[in-house]
Amino acid sequence: MLSLAQGPAVELRGVVFSYGDKRVLNGVDLEVFHGEAIAIMGRSGAGKTTLLKIIAGLLKPGEGVAKILGCVSSGSCFDNLKGKIAYIPQTLGLVEGGSALYNVLLAKAPEKPLRFITGIWGGYYVSKALEALEAVGLLEKAWTRVEKLSGGERQRVAIARVIFQGAPVILADEPVSNLDLETARDVVGLLTELRERGVAIVAVMHDRDLAQRYFDKIYVLESGVLRVIS
Amino acid sequence: MRIVVVSLIPTAALAYILGLVDPGLWARAGLNISRFILLLGVRNDLWGDALAAVYETLIISVFGVSCGVLLAYLLAPLASPLLAPRTIAIAGRILANSARTVPAILWAILFVILVGPGVKAGALSLAIYTSTYLAKFFYEALESVDRELLDSLRAMGLRGYILAFALYTHIRRQVISSILFMLEYNVRTAAILGFVGAGGVGYYILQYLSILDYPAVLTFVIATIAIVAAIDIASYILRTRI
């Protein structure tokens, strides 16, 4: 469990980002604390994915500061955050050809490269990965290749991976798109339950009802600026 | 249909320039082929030698593929700007591309000079040749992966070879398909490496051709066709099961 006294897990101050001449983010401010789950909504092309990528350190802001777990995303300290950020893209970021278990174990590859390369993970890691799959109700499909799983099951594998990863920051880009309402509720429920472990969650959502039910705050990204609506 | 017309015009023009429209040429060719067929037959006493030579060719090919896969697996991530620093990727790509322009037969000549004639030269030449082609196939496949997958793995902290190995799992169909293609290709190529002394069935075919022993040549050719067909069938079965 992480302490709230550590300050915000995610902190953006005046973040500006442009694709060429097109300014997508125009001075975004945001604070997300450990144990807090926030939803970001907005029209397609509003810059929600760009914002998540900036938090994940995959894009550098043109202006302003993005701090994750106290490290500025453009600084050398950010490189030491290996494995502390979990990013679930719209396409889930699962490795096809690998089983559900392989995809979950992949989260520890940066820490345990030799185990990953040899495939010899040992009982401890395998049992922890299986526990994560069990938590999302996929234990019996642990050895099934992810491309053979349904959309909902794939979403669950992605969530099992972030559970196993134990990352203090989870970024999810439309984690329940293309799912029926019941499955979407299950998946969002599983994701937001991780708050109890002190995890900070930033998710891009389209469904306002789901966002209101499961998230602490809802923001809307409009004209490059983020504002709280709920 | 347009492609047929477009192909037909240069084919006809160049056939005329090359002298291929001469009716006398085709009459002589017909006469020669009928004489050649009359000389054909097989030498049953050579089947043992032919199988041994084909086995040698197969060993050269399989070594070429397995060693080439190892080299390409390590080289391809270095030639991809998505996985390696830009300068290293450019250098890696130039190295792989330049090496690929050298045909297998020239590598064979080089290795015959370096390690002497025989299977060693053939095996090493095919290993280098295969690695340059597979490196290209692999880095192109690595670069075709979905950027969101790449972002997700990078955000988790995967870098360099660890990231590459995860991506290899994702593109394993293309990887296996490329390896099977090179295996088929190598068996055919290994069959002619013997022409320059690099071992395999080609050496025997050249020797028997030089003394005009066509039945012996045909015996070795049939054995080669059999092994190429067997590899093609095995490869097809494997492809359908990936």
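The values are calculated or read from the model by the stated rules, or taken from the named source; none is laboratory data. Quick caveat: nothing in here was measured; it's all calculated off a predicted structure. So basically every Cβ, Gly included, is an ideal-geometry build from the backbone, and we count neighbours across all protein chains shown. Please note that ligands, DNA and RNA were not included when accessible areas were found on the heavy atoms of the full protein model with its side chains. Shrake-Rupley method; radii C 1.70, N 1.55, O 1.52, S 1.80 Å.
Between B:ILE222 and B:ARG172, what is the spin-label point distance in nm, taking each point 7 Å from the Cα along the Cα→C-beta axis?
Taking the simple label geometry, B:ILE222 and B:ARG172 are separated by 4.2 nm.
Need one value for A:86-94: mean number of C-beta atoms belonging to other chains within 10 Å of its residues' C-beta atoms.
5
Provide the per-residue ³J(HN,Hα) series for the range A:12-27, in order, calculated from phi with Karplus coefficients 6.51, -1.76, 1.60 and θ = phi - 60°, each as a whole number of Hz, with x at glycine and proline positions.
10, 10, x, 6, 10, 8, 10, 9, x, 8, 8, 7, 9, 10, 10, x
Please compute the modelled spin-label separation between B:ALA27 and A:GLN90, points set 7 Å along Cα→Cβ, answer in nm with one decimal.
Modelled inter-label distance: 7.2 nm.
Using a cut-off of 19 Å between alpha-carbon atoms, which lysines can reach A:LYS82, once sequence neighbours fewer than 8 places away in the same chain are excluded?
Leaving aside lysines fewer than 8 places away in the same chain, those within reach of A:LYS82 are A:LYS53, A:LYS60, A:LYS67, A:LYS108, A:LYS112.
So if we plug the beta-carbon distance of A:SER223 and A:ASP180 into 1/(1 + (r/R0)^6) with R0 = 41 Å, what FRET efficiency do we get, rounded to 0.05?
Rounded to the nearest 0.05, the efficiency is 0.80.
For every helix of n ≥ 4 consecutive DSSP H residues, a contribution of -39,500 (n - 2.57) applies; sum these over chain B, divide by its total residues, and give [θ] at 222 nm rounded to the nearest 500 deg cm²/dmol.
The helix-only estimate for chain B comes to -27500 deg cm²/dmol at 222 nm.
Using a cut-off of 13 Å between beta-carbons, work out the net charge of the residues near A:GLU31 (Lys and Arg +1, Asp and Glu -1, A:GLU31 not included).
-1
Measuring with a 1.4 Å probe in the full set of protein chains, what accessible area per residue, in whole Å², belongs to the protein assembly as shown?
For the protein assembly as shown, the solvent-accessible area averages 48 Å² per residue.
Please report, ordered by residue number, every helix of chain B (full DSSP H runs) that is 20 Å or longer along its axis going by C-alpha atoms and whose mean Kyte-Doolittle hydropathy reaches -0.5.
Membrane-span-like by this rule: B:2-17, B:23-39, B:47-78, B:86-100, B:119-143, B:172-193, B:214-241.
So how do B:134-147, A:211-224 stack up, highest first, on mean other-Cβ count within 10 Å?
Averaged packing, sorted descending, gives the order B:134-147, A:211-224.
Collect residues whose amide H, placed 1.01 Å from N in the peptide plane, falls under 5 Å from the amide H of A:LEU59; neighbours closer than 5 in sequence don't count.
Those qualifying (amide H under 5 Å, at least 5 residues apart or on another chain) are A:ILE54.
Can you run phi through the Karplus equation (6.51, -1.76, 1.60; θ = phi - 60°) for the range A:44-55 and list ³J(HN,Hα) in whole Hz, with x for Gly and Pro?
Once rounded to whole Hz, the list reads 4, x, 6, x, 5, 5, 4, 4, 4, 5, 5, 5.
Using a 1.4 Å probe, how large is the accessible area of A:LEU59, given in Å² and rounded to the nearest 10?
Per-residue accessible area (A:LEU59): approximately 40 Å².
Would you mind pulling out the separation of the Cα centroids of the range B:153-210 and the range B:7-62, in Å?
27
Which residues' amide hydrogens lie under 5 Å from the amide hydrogen of A:TYR219, considering only partners 5 or more residues apart or on another chain, with H built in the peptide plane?
Here the answer is A:ALA39, A:ILE40, A:MET41, A:ILE229, since their amide H atoms fall under 5 Å of that of A:TYR219.
Hey, what do the phi angles of the range A:205-213 turn into as Karplus ³J(HN,Hα) couplings, whole Hz, using 6.51/-1.76/1.60 and θ = phi - 60°, x for Gly and Pro?
After applying 6.51 cos²θ - 1.76 cosθ + 1.60, I find 10, 9, 8, 5, 4, 4, 4, 5, 6 Hz.
Determine how large the accessible area of B:TYR161 is when every protein chain is in place; take a 1.4 Å probe and give Å² rounded to the nearest 10.
80
Would you mind giving the mean number of other chain beta-carbons within 10 Å of the Cβ of each residue in B:166-178, as a whole number?
3
Quote to one decimal, in nm, the extra length available between A:ARG145 and A:SER74 on full extension: 0.36 nm per residue of separation minus the C-alpha distance between them.
21.9 nm
Which net charge results when you count Lys and Arg as +1 and Asp and Glu as -1 among the other residues whose beta-carbon is under 15 Å from that of A:ARG154?
Around A:ARG154, the surrounding residues sum to -4.
Angle check, please: helix A:181-193 long axis (alpha carbons) against the longest principal axis of chain A (alpha carbons), in degrees 0 to 90, nearest 10.
80
Using a ≥ b ≥ c from the Cα gyration tensor of the protein assembly as shown (square roots of the eigenvalues), is it rounded, prolate or oblate, where a/c under 1.5 gives rounded and otherwise the larger of a/b and b/c decides, a/b for prolate?
Note, shape of the protein assembly as shown comes out prolate.
Take every residue in peptide B:141-149, count the Cβ atoms of other chains within 10 Å of its Cβ, and give the average of those counts.
For this peptide, the per-residue mean of nearby foreign Cβ atoms is 3.
At 0.36 nm per residue, and after removing the present C-alpha to C-alpha distance, how many nm does the segment from B:PHE181 to B:LEU106 gain when stretched out fully?
24.9 nm
Please list, or write none, the aspartates and glutamates whose alpha carbon is within less than 18 Å of the alpha carbon of B:LYS136, excluding same-chain residues fewer than 8 places away.
Qualifying aspartates and glutamates at Cα under 18 Å: B:GLU184.
Let me check something: with ligands and nucleic acids excluded, how do A:TRP143, B:TRP107 order by accessible area (1.4 Å probe), largest to smallest?
Output order, biggest surface exposure first: A:TRP143, B:TRP107.
Could you pull out every residue, at least 5 positions away or on a different chain, whose amide H is within less than 5 Å of the one on A:LEU226? Hs are placed 1.01 Å off N in the peptide plane, and Pro or chain starts have none.
Hits under the 5 Å cutoff: A:ASP29.
When a/c is below 1.5 the answer is rounded, else prolate if a/b is larger than b/c, else oblate, so apply that to the range A:90-230 with a ≥ b ≥ c taken from the square roots of the Cα gyration tensor eigenvalues.
Prolate shape, in that a/c is at least 1.5 and a/b is the bigger ratio.
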